[in-house]
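First the structure, in the form of structure tokens, and then the observations on it.
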Number of protein chains: 2
Amino acid sequence: MTFLANLEPLKLAANSGSDPRILDGRAVAAALRDEVKLGVDILREERGVIPKLVVVLVGDDPASQIYVRHKVRGCEVVGIESERRILPHDISQDTLHQVLRDLSADPSVNGILLQLPLPDHLNDIIAVEQISSFKDVDGFHYKNLGRLMSWASVLEPCTPRGVMTLMKARGIEVRGARAVVVGRSMVVGRPMAQMLVRDDATVTVCHRHTRDLAEHVGQAEILIVATGVPELVKGDWIRPGAVVFDVGISRVDGRLVGDVEFDAALERVQAITPVPGGVGPMTVATLLENTLRATLKAHKLKIEYGALIEAGDFE
Amino acid sequence: MTFLANLEPLKLAANSGSDPRILDGRAVAAALRDEVKLGVDILREERGVIPKLVVVLVGDDPASQIYVRHKVRGCEVVGIESERRILPHDISQDTLHQVLRDLSADPSVNGILLQLPLPDHLNDIIAVEQISSFKDVDGFHYKNLGRLMSWASVLEPCTPRGVMTLMKARGIEVRGARAVVVGRSMVVGRPMAQMLVRDDATVTVCHRHTRDLAEHVGQAEILIVATGVPELVKGDWIRPGAVVFDVGISRVDGRLVGDVEFDAALERVQAITPVPGGVGPMTVATLLENTLRATLKAHKLKIEYGALIEAGDFE
């Protein structure tokens, strides 16, 4: 069965009528959700299959609860069934593993997301590996990271994948561009760099040990910042005409700020993602895309392509 | 059981008495082989175990035959048993998979190396995945690449791992250095960049789509070139005082040359690997190290540390 074939490329140039320098993640995420919903509708109508995502949350961290709520709400919008599995904050590593393995074995479950970070007494890397790599909709399982490194992946980490989709929707040329990634987390920085290299950018990875961060940032035509340090990147470091993706989100004096000084950066950029409303919505929409992909895989169906969703299959 | 604990750091500063600017891969490879041999000796004497490597060669490509011969000879030197398994050049993908799976299931085999490249009709990525990741001494299995990306690996691709060991032996400081990797192959460039980022370098990956390659090269304090294009990097591009690792080896007009213009580069560098005698010997010695690691793993033993071999375990 072929899904989403031959959709027209998105026309988002007008960018919802607002400042054209602002990369409106909400608008592109809505378009991506529409494509996912189309796939979910076909799957339900033609095969009687309803994709199901289980979000596993350990403890009651308030920030995690908010993230989980966004994800569950996203599922509702596109017709994916979702379930919240809340586990006690003092659960043992072994018991957590058993829960994840049981979900992995359950054929009614297509996607499993373990909300990170876990409480300090638990090892998140080993926990993630208990999830079937075919249901690992966060793309953090080492098998999926290895597939990403072999350029043969389908379930890719949601935030960097969402940034790539945003670039595609806005027609940003990656090939040959100088891209700088600030931050080297397993969740964002490292997979982001892989995707940019794969798409033919010249990529520099910076982090806490980088000397002359401002100089590196100043060379970036495409800049991705994912450090969690509020306004680490100063507006006047930015190369004039750069395209900037700000992944960070922190609350400072009651307002939400990113890792980039937004107002000062805006004066120099070709385009920049706002915080909030930039990368965040793309992350959630990509999770829904991954859940659709995982469901198609479980039913031996293949995704062809949409305007935003790319073709792909995985073993 | 503890292996190789508390060996003294190598004293290689005098570099065999030759030009101190030349990074003598043969000397460091010999030191690494000595450490491997020590481990193999202990394993044999205390446990009665002799590590075994099987090298699988499809067809009769002359260059591959030379590489395989180097590997088999290396095994002999350190006391690893080796076997060459030569398969017909027109073997089917399925039959090749069966051979690799049989070797993976054979408890007498600790390491399996599929000599690449394969003939054109075969898919090398899918073939490598038939090898047990615990016996994948080349480190190319997607599970091992994913482990590398999660910074939790032990069997790492031999050439980039060998370059890191050479840096360690010569006391080259990686943290905070500006490293530039030219080439993005799965065998060298991509894992090399991962290791350098993990060890706290600021890393730029360049490739055929990079504009201004000379400018990027000129910023490198540590430069790794792995493109297979003879003398692609000109000597006068090199930053004065840089440390250069030349992974390429090509035959041009009857002589072996690397990817860097050696004579011109030598005038500017702090140190550079020669071709031959630089990175190549480190690749083979690292294969032996990986075979020892895989054997220890199979027997549930743990490597602690030597002067060159690092501690590590893998699941």
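We did not get these values from a lab; they are worked out from the coordinates using the rules stated. Just so we're clear, the structure is a prediction, and the values are computed from it rather than from any experiment. Virtual Cβ from ideal backbone geometry, glycine too; neighbours counted across all protein chains shown.
Excluding A:VAL229 itself, calculate the net charge of residues whose Cβ lies under 14 Å from the Cβ of A:VAL229, where each Lys or Arg counts +1 and each Asp or Glu counts -1.
0
Since chains B and A are linked by a rotation, which residue in B has the beta carbon closest to its axis, and how far is it in Å?
B:GLY146, 1
Nearest 10 degrees is fine. How inclined is helix A:189-198 to the longest principal axis of chain A, computing both from alpha carbons?
Rounded to the nearest ten degrees, it is 80.
Fewest to most neighbouring Cβ within 10 Å: what's the order for A:LYS234, A:LYS143, A:LYS52?
Fewest-to-most Cβ neighbours within 10 Å comes out as A:LYS234, A:LYS52, A:LYS143.
Taking the label point as lying 7 angstrom from Cα along the Cα-to-Cβ axis, what are the distances from B:ILE86 to the corresponding position in the remaining copies, in ascending order and in nanometres?
Ordered by increasing distance: 6.8 nm.
Please work out whether the range B:24-122 counts as rounded, prolate or oblate from its C-alpha gyration tensor, where a ≥ b ≥ c are the square roots of the eigenvalues and a/c under 1.5 means rounded, while otherwise a/b larger than b/c means prolate and anything else oblate?
Verdict is oblate for the range B:24-122.
Can you give the FRET efficiency to the nearest 0.05 for A:GLN93 and B:TRP151, using r as the Cβ-Cβ distance and R₀ = 30 Å?
Values: r = 19 Å, r/R0 = 0.65.
The formula returns an efficiency of 0.95 here.
What is the gain in length, in nm to one decimal, between A:ARG26 and A:ILE125 on full extension, counting 0.36 nm per residue of separation less the C-alpha to C-alpha distance?
Contour length minus the Cα-Cα distance gives 32.6 nm.
How much net charge surrounds B:LEU122 when only the other residues with a Cβ under 11 Å from the Cβ of B:LEU122 are counted, with Lys and Arg +1 and Asp and Glu -1?
Here the charged neighbours net out to -4.
What percent do you get for the relative contact order of chain B when only Cα pairs under 8 Å and 6+ apart count?
24
So who's got an amide H within less than 5 Å of the one on B:SER82, skipping anything under 5 residues away but keeping other chains? H placed 1.01 Å off N, in plane.
B:LEU53
For the range A:99-155, what's the relative contact order in percent, using C-alpha pairs closer than 8 Å and at least 6 residues apart?
Worked out over the range A:99-155, it gives 31 percent.
Give me the tail of P(r) for the protein assembly as shown as a percent: Cα-Cα pairs with distance above 42 Å.
On the way: 52835 of 198135 pairs.
Tail of the P(r) past 42 Å holds 27 percent of the pairs.
Can you sort A:ILE238, A:ILE22 so the residue with the fewest Cβ neighbours within 10 Å comes first?
Numbers: A:ILE238 24, A:ILE22 19.
Ordered from fewest to most neighbouring Cβ atoms within 10 Å, A:ILE238, A:ILE22 come out as A:ILE22, A:ILE238.
Less than 12 Å Cβ to Cβ from B:ALA264, Lys/Arg counted +1 and Asp/Glu -1: what total charge do the surrounding residues give? Show your work: numbers first, answer last.
Numbers: positive: B:LYS234, B:ARG268; negative: B:GLU231, B:ASP236, B:GLU261, B:ASP263, B:GLU267.
Net charge in that neighbourhood comes out at -3.
Using θ = phi - 60° and the Karplus relation 6.51 cos²θ - 1.76 cosθ + 1.60, list the HN-Hα couplings for the range A:50-58 in order, rounded to whole Hz, with x at every Gly or Pro.
10, x, 9, 10, 10, 9, 9, 10, 9
Quick one: in chain A, what % of C-alpha pairs are over 30 Å apart?
On the way: 15671 of 49455 pairs.
Value for chain A: 32 percent of Cα pairs lie more than 30 Å apart.
Give the order of A:SER92, B:SER104 when sorted by the count of other beta carbons within 10 angstrom, beginning with the fewest.
Going from least to most buried by this count: A:SER92, B:SER104.
Roughly what % antiparallel, to the nearest 5, for the DSSP beta bridges in chain B?
Counting DSSP beta bridges with both partners in chain B, the antiparallel share is about 10 percent.
Run the label-point distances for A:ARG255 please: 7 Å along Cα to Cβ, every other copy, nanometres, shortest first.
6.5
Mind listing the label-point distances from B:GLY228 to the same position on all other copies, shortest first, one decimal in nm, points 7 Å along Cα→Cβ?
Label-point distances to the other copies, shortest first: 4.1 nm.
Run lengths n ≥ 4 of DSSP H only: what is the helix-derived mean residue ellipticity at 222 nm for the protein assembly as shown, with -39500 (n - 2.57) per run over all residues, to the nearest 500?
Taken over the protein assembly as shown, the calculation gives -11500 deg cm²/dmol.
For the range B:164-290, rounded, prolate or oblate, judged on the Cα gyration tensor with a ≥ b ≥ c (square roots of eigenvalues), a/c < 1.5 rounded, else prolate if a/b > b/c?
On the way: a/c = 1.30, a/b = 1.06, b/c = 1.23.
Note, shape of the range B:164-290 comes out rounded.
Please compute, for peptide A:125-137, the average count of beta-carbon atoms on other protein chains lying within 10 Å of each residue's beta-carbon.
Partner Cβ neighbours, averaged per residue: 1.
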